[in-house]
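Contents: one structure, followed by commentary.
The values are calculated or read from the model by the stated rules, or taken from the named source; none is laboratory data. Please read these numbers as outputs of a predicted model, since none were measured by experiment. Cβ placement follows ideal geometry from the backbone for every residue including glycine, while neighbour counts extend to all protein chains displayed. Protein only, heavy atoms only, side chains kept; ligands, DNA and RNA dropped before computing areas. Shrake-Rupley method; radii C 1.70, N 1.55, O 1.52, S 1.80 Å.
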Amino acid sequence: MPKQTARVASEVGLHARPAAVIARKAQEFDAPVYITMGDETVQATSGLMIMTLGAQRGDEVEISSESQEAVDAIVDLVEQVIKPL
């Protein structure tokens with residue numbers, strides 16, 4: 001299963017808006033997409049589940065999926081600064 005580490009760039013971490021943007025993107029893929037921080041793994045299609053990771057700016061998370069395209073897309077989002085509402 002393809003996986004890649006990404007550093008959270010958003011100043012609010014993976015909180016409400018960044019989590020929602022990531023979840024919407026993950027829903028575009030047929031393959032499940034997962035985000036892991038420490039020993040906790042959640043499905044990337046749920047903004048609420050992403051927020052439970054408590055990832056802050058600068059934290060590293062691992063993105064995994066059967067789809068390399070999905071991994072690349074979610075890594076790109078995690079490493080972008082997504083402004084809060």
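For this structure, a couple of remarks:
- Fluctuation leader among Gly13, Gly38, Gly54 - the chain, Gaussian network, Cα springs under 10 angstrom: Gly38
- Tilt relative to the chain, helix 16-26 - C-alpha long axis, 0 to 90 degrees, to 10: 10 degrees
- Size of the chain as Cα extents on the principal axes (Å, biggest first): 30, 24, 19
- Structural descriptor for the chain: relative contact order 48 percent, calculated from alpha carbon pairs under 8 angstrom and at least 6 residues apart.
- Whole-Hz Karplus values for segment 66-73 come out as 5, 9, 4, 4, 5, 4, 4, 5 Hz, taken residue by residue from phi with 6.51 cos²θ - 1.76 cosθ + 1.60 and θ = phi - 60°; glycine and proline positions read x.
- Local electrostatic count, Gln56, Cβ distance below 12 Å [Lys/Arg +1, Asp/Glu -1]: -1
- Averaged per residue, segment 1-58 has 55 square angstrom of accessible surface, using a 1.4 angstrom probe with ligands and nucleic acids left out.
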